[in-house]
Amino acid sequence: MNLFATDYGYFTEPGDEYVITRHDTPMPWVNVISNGDYGTVISHLGGGYSWRTHASMNRLTRWEQDLVRDRWGKYLYLRDAETGEFWSPTWHPCSNGMTNYQVRHGWGYSVFEGMHGQIASELTVFVPLDDPCEVWLLRLSNRGSSTRRLQVFSYLEWLLGTAPDWHREFRRLFIETRYVPAHGVLLATSVMWDIPGRGKTHWNSNWGYVAFHSVSATPAGFDGDKRAFLGQYGDLDAPRAVIEGRSFGTQGRWGDGIGSLQVVVEIPPGESVEIAFVLGAGDDETHALRLAGKYRHLPTVHDALAQVKAFWKELLGALRVQTPDPAVNVMGNGWLAYQAVSCRLWARTAYYQTGGAYGYRDQLQDSLVWLLLGQPERTLEQIRLHAKHQFQDGTVLHWWHPLAEEGLRSYYSDDLLWLPFVVLYYLHETGDFACLQEEIPFFDGGSATLLEHCLRAFEKALSRRSERGLPLILQADWNDGMNAVGVEGRGESVWMAHFLHYLLVRWADLPVLDEATAVRFRQEAHALREAVNTHGWDGEWYWRATTDSGRVLGSAQNTQGRIFLNAQTWSVLAGTAPPDRAEQAMRSAREHLYTDYGALLLAPAYRVPDPEIGYLTRYAPGTRENGGVYSHAACWAVLAERKLHGAQQAYRLWRSFCPPVRGMEPRRYAAEPYVMPGNVDGPDSPHEGRGGWTWYTGSAAWYLRALVEGVLGVEATLQGLRVKAELPEGWDSFQLQRRFRGAVYQITVRRAKAGESPGCLVDGQAWEGDVLPIFEAGTTHQVEIRL
């Protein structure tokens, strides 16, 4: 049965693939495929790019961000050797009459299918689990009555370094292509890599890899020069080499470096042939040739594809949900976790945003997804990595580049606190207090225990407060776009007061703090609570911030940006708001910020740029943080609703910005219906309800956590897994399988049948309380809760 079917596509049952049934989707619908080192982004039309380790500093192939045309990619061409007719197995660059075109995006792979006359094509693109390369497995089937002889040409443009390739006539002079006849492999190298920190001066170091392009069949020809392949003034939709049916054997350092291989196949009637093209980047030439040789063998290719599918199925299958709502099931059973891992943690790049750097607060939060997948050791790895990018004074890098190990020192008030935030979640999940004694270096030298790293973050945050006792916002807080509010060091942040209070209270309850520190944390939390309620309450909601000049933002006195979401939701999550104010703050959020497609970050949008606030006000009204639904923050609203009003209100809000639900209006929503968007246009935009900035958004991991904790009510605590059992209206039951401290909990929450008493059974035995027992790792246990 197809799920959430529209004119543009549907989810297959049970939801592990999304099938795109036409080429003219409202925006490019893509897949982000990565193994943690190598990756590729590919659109439903065949556009995209590839990289190793860092998508901006170590890009293999050229690509231009053009989401209107989507005409940059790595392509294959099919040519009938008898008639000269040609086409591509992807819609771009030249579909030329292809029919029955459809694309299947899955976890770790994408498949492009189509018919051209009597030739059926199936192209599967994937990245092997452990090698820095990608495979294009092409299957051609002859449905006709006579033998067909086809030429297959590949085409890609080498970048081999930092992106974007803004000065091609300069960069191409450093690239060399070389064909190795004994291996049938086209190699590409560059003697210039403009990455920071390499060499004594810029433009004076070699690219550190050897790129390769290979194919499973013996090549009949090759090209390494763009001018030869396309022809002077030629175009991708009709390249000279394909028109003439021949390769020109170009290579060397004097052209415009591309990779193209040609193979010839004969397909008898009713038969099929397979060819595997490979693109990758070896550590050196030996490594590159070894990888090319490995994937010349089709059985190896099929084994690698099977391993990719098995890996993702096992990883994502650690968390299973079954509810009466198929939208919950589709997103909760793989797609959200896949987006968080493959894109946010491993690729760190996508289509709306190309990247490759680590954001201090970004990937720390993303790593919380590993806890839900039963792999907390990976969260700890991320914690260690980020702790290494903290300075001795407790401040951190806002972001940094792997490979270069350079970054931007943070003057954002919140960045440093996400380390103790994620450590707190890790401790609740694992009870592993021993990790706090691990010695971890600082970025500027020296080392300390992980506990000391966290405490230094607290000390620095507590030292940065105004005379009124509110945290200074500095360059910005979580909302980067407020980057002028406190740049002179006087602006205040009410949201930071909530956030810091949240952490102080919870850390004070951890058994690792000495009594004096715990007492001090509680005192500081009390002082913050007093300050925010004395100065930050606007009458019906909490204001958001003050500027260096003392202007209040997020107040009823403002005409633009009168109310901000985070200042309300975190007053509930942090417990800074007294009960009456918590109710009023969320009532105001519902009145002014909630829509049928999610909760707006602020309202109304800024229509005139305000240099005292920052670039947030310079976005078009109703887009992104300027009056749109910012999905990351909307997830926190779900958690706040659960805490205040239970499962029904949390579920209603969660579902309002659920991609497959919103995607049932594909022309309005526009974005992919299988992953989270970073934002949805708000009422001040003429495109209200349009999703954007998909894939590369921290909302994926948070939306999954908002489902598990906010809707289903299951959360990790030091004492055990807590189940606050409730059922939204219209639900008779739900099931959740979740790993916790190495054990598998299979939880069923249902309404009691006639004659049954409410209660909880653990492995058939009555259990009191909402915190489940902690079991031995490797065991599986049944929990049934009757309401």
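The values are calculated or read from the model by the stated rules, or taken from the named source; none is laboratory data. A quick note: this is a predicted structure, and the numbers were derived from the prediction, not measured. Cβ atoms come from the backbone with ideal geometry, glycine included; neighbour counts cover every protein chain shown. Just the protein is used for accessible areas: all its heavy atoms, side chains included, with ligands, DNA and RNA removed. Shrake-Rupley method; radii C 1.70, N 1.55, O 1.52, S 1.80 Å.
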Could you tell me which of 532, 746, 217 has its Cα farthest along the dipole of the chain towards the positive end, charges placed at Cβ (Lys, Arg +1; Asp, Glu -1), taken about the Cα centre? 217
Mind listing the long-range amide H neighbours of residue 148? Cut-off is under 5 Å, sequence gap 5 or more, other chains count too, H placed in the peptide plane at 1.01 Å from N. 267
Quick one: putting +1 on the C-beta of Lys and Arg, -1 on the C-beta of Asp and Glu, what dipole do you get for region 708-787 around its Cα centre, in Debye to the nearest 20? 120 debye
Considering the options 600, 164, 101, tell which one lies farthest towards the positive end of the dipole of the chain, charges being +1 on Lys and Arg and -1 on Asp and Glu at the Cβ, about the Cα centre. 101
Pop out the carbon and sulfur fraction of the accessible area of region 419-472 as a percent, whole number, probe 1.4 Å. 48 percent
How many nm separate the modelled label positions at residue 290 and residue 200, each set 7 Å beyond the Cα in the direction of the Cβ? 3.4 nm
Sites residue 404 and residue 130 - FRET efficiency at Förster radius 25 Å, r taken between beta-carbons, to 0.05: 0.50
Zone reached by a paramagnetic label modelled 7 Å from residue 264 Cα along Cα→Cβ, restricted to region 125-167 with backbone N below 12 Å, covers 149-152
Which part of region 416-437 falls in the paramagnetic zone of residue 447, meaning amide N under 16 Å from the point 7 Å along Cα-to-beta-carbon? 435-437
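Using the Cα gyration tensor of region 1-143, with a ≥ b ≥ c the square roots of its eigenvalues, what is the shape: rounded (a/c below 1.5), prolate (a/b larger than b/c) or oblate (neither)?
The shape class here is oblate.
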Between residue 220 and residue 665, how many nm apart are label points set 7 Å from Cα along the C-beta direction? 5.2 nm
So, with +1 on the Cβ of K and R and -1 on the Cβ of D and E, and no other charges, what is the size of the charge dipole of the chain about its Cα centre, to the nearest 20 debye? 640 debye
Full extension between residue 311 and residue 71 adds, at 0.36 nm per residue less the Cα distance, a length in nm of 83.2 nm
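Might you tell me the accessible area per residue for region 421-467, computed with a 1.4 Å probe and given in Å²?
With all protein chains present, region 421-467 gives 38 Å² per residue.
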For region 21-170, accessible area per residue (1.4 Å probe, heavy atoms of protein chains only), Å²: 29 Å²
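For region 44-147, which whole percent of the accessible surface, found with a 1.4 angstrom probe, sits on carbon and sulfur atoms?
Numbers: 1280 of 3090 Å².
That share works out to 41 percent.
I need the helices of the chain that pass two filters: whole DSSP H segments spanning 24 Å or more by Cα along the axis, and mean Kyte-Doolittle score no lower than 0.0.
298-316
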How much solvent-accessible surface does residue 312 expose, in Å² to the nearest 10, with a 1.4 Å probe and all protein chains in place? 10 Å²
Mean separation of Cα pairs under 8 Å and 6+ residues apart, divided by the residue count of the chain: what relative contact order is that in percent? 10 percent
Using θ = phi - 60° and Karplus 6.51 cos²θ - 1.76 cosθ + 1.60, couplings along region 267-272 (whole Hz; Gly, Pro as x): 10, x, x, x, 10, 9
Working out 0.36 nm times the residue gap between residue 272 and residue 12, then minus their Cα-Cα distance, what length gain in nm do you get to one decimal? 91.0 nm
At residue 754 and residue 530, where each label point lies 7 Å from the Cα along Cα→Cβ, what is the point-to-point distance in nanometres? 6.0 nm
Run the numbers on region 489-640 and let me know its relative contact order in percent, using alpha-carbon pairs under 8 Å that are six or more apart. 21 percent
Calculated [θ] (222 nm, deg cm²/dmol) that DSSP helices of n ≥ 4 give over the chain, each run adding -39,500 (n - 2.57): -7500 deg cm²/dmol
Work out how much length residue 596 to residue 509 would gain on full extension: take 0.36 nm times their residue separation and subtract the Cα-Cα distance, in nm to one decimal. 27.4 nm
Please compute, over every Cα-Cα pair in the chain, the percentage with a separation greater than 51 angstrom. 17 percent
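If you roll a 1.4 Å probe over the heavy atoms of the protein chains, what accessible area per residue do you get for region 192-280, in Å²?
Value returned for region 192-280: 44 Å² of accessible area per residue.
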Quick one: how many Å² of residue 774 are accessible to a 1.4 Å probe, rounded to 10? 80 Å²
Relative contact order for region 685-787: what percent, with Cα pairs under 8 Å and sequence separation of 6 or more? 25 percent
Counting only protein heavy atoms with a 1.4 Å probe and every protein chain in place, the carbon and sulfur fraction of the accessible surface of region 603-683 in whole percent equals 57 percent
Assuming R0 = 56 Å, what is the FRET efficiency of residue 770 and residue 607, from their Cβ-Cβ distance, to the nearest 0.05? 0.70
In region 1-89, with Lys and Arg counted as +1 and Asp and Glu as -1 at Cβ, which of these residues, 61, 29, 1, has the Cα nearest the positive end of the dipole, that is, farthest along it? 61
Test of understanding: extend the Cα→C-beta vector of residue 645 to 7 Å, then name every residue of region 580-603 with backbone N under 12 Å from that spot. 583-595
